[in-house]
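Note sheet for the following structure.
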Amino acid sequence: MTDSVLEQAIKSWARSAPAKTTEVHADKAAFGHFWQRAGELLARLPAKPKRSPQEAAGAAEILAQARESRTRFMRAHAAAVYDALTSSRSRFVRVDELFFVLPGEAQVARIDEAASGHFANRMRFASPRAMPPLPVLGIPGWHPDTARESWYDDERHFQGLAPGS
């Protein structure tokens, strides 16, 4: 990618950044699209060791703006994200005790690092059998009956782990 093409692509992408946060569902779409485009731009660049100084600077700009937008998103929607990750605080998610004393930017960086590490391990996605199913029926609010405790007693939908798991 020539320097001027890269520069124009980054400028165009940066102008598409969501200007402000609104409600979580609209922001998920807007910010998600912005972050997806960031990934696409980075994928068009050569591997890190083969980047020219201009390409390295462009990648740094993309990463900085994407991180800043994630920080804004999380500042506005941390509670909603937490509720989604913990099934409305009904599931325990282990977090390092020191995480909460970190500044917001460092928290976002930590989350980025953990998520990148998780998704970088291709063996987690080597086959459908390697990926546990998403228990959609157990997500509170997915179905009106999830508010009833007896909903989770239906063994046709909520089975224990397979033998040997």
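Just so it is clear, none of the values below were taken in a lab; they were calculated from the coordinates. Just so it is clear, the structure is predicted and the values come from calculations on it, not from any experiment. FYI the Cβ positions are ideal-geometry reconstructions off the backbone, even for glycines, and counts take in every protein chain you see.
Report, ordered by chain and residue number, the lysines lying within cross-link reach of Lys48, taken as a straight Cα distance under 21 Å and ignoring same-chain residues fewer than 8 apart. Straight-distance partners of Lys48: Lys11. Close amide-amide hydrogen proximity is noted between Leu102 and no other residue 5 or more places distant or on a separate chain, at a cut-off under 5 Å (H modeled in the peptide plane; Pro and chain starts excluded).
Could you pull out every one of the lysines with an alpha carbon less than 18 Å from that of Lys20, ignoring same-chain neighbours closer than 8 positions? Of all the lysines, those that pass the test against Lys20 - Cα under 18 Å, at least 8 places apart if same chain - are Lys28. Averaging Cα coordinates gives a centre for region 1-46 and one for region 71-91; these two points are 23 Å apart. Model label sites at Thr146 and Thr86, defined 7 Å from Cα along the beta-carbon direction, differ in position by 1.6 nm.
With a ≥ b ≥ c taken as the square roots of the eigenvalues of the C-alpha gyration tensor of region 3-93, please select rounded if a/c is under 1.5 and otherwise prolate if a/b is larger than b/c or oblate if it is not? In terms of gyration-tensor shape, prolate. Counting neighbouring beta carbons within 10 Å and listing from fewest to most, the residues His33, His77 come out as His33, His77. Do any trypsin sites (Lys or Arg not before Pro) in region 57-107 lie in a loop, going by DSSP, with at most 12 other beta-carbon atoms within 10 Å of their beta carbon, and if so which? Here the trypsin sites (Lys or Arg not before Pro) that fit, given the DSSP loop and packing criteria, are Arg89, Arg91, Arg94.
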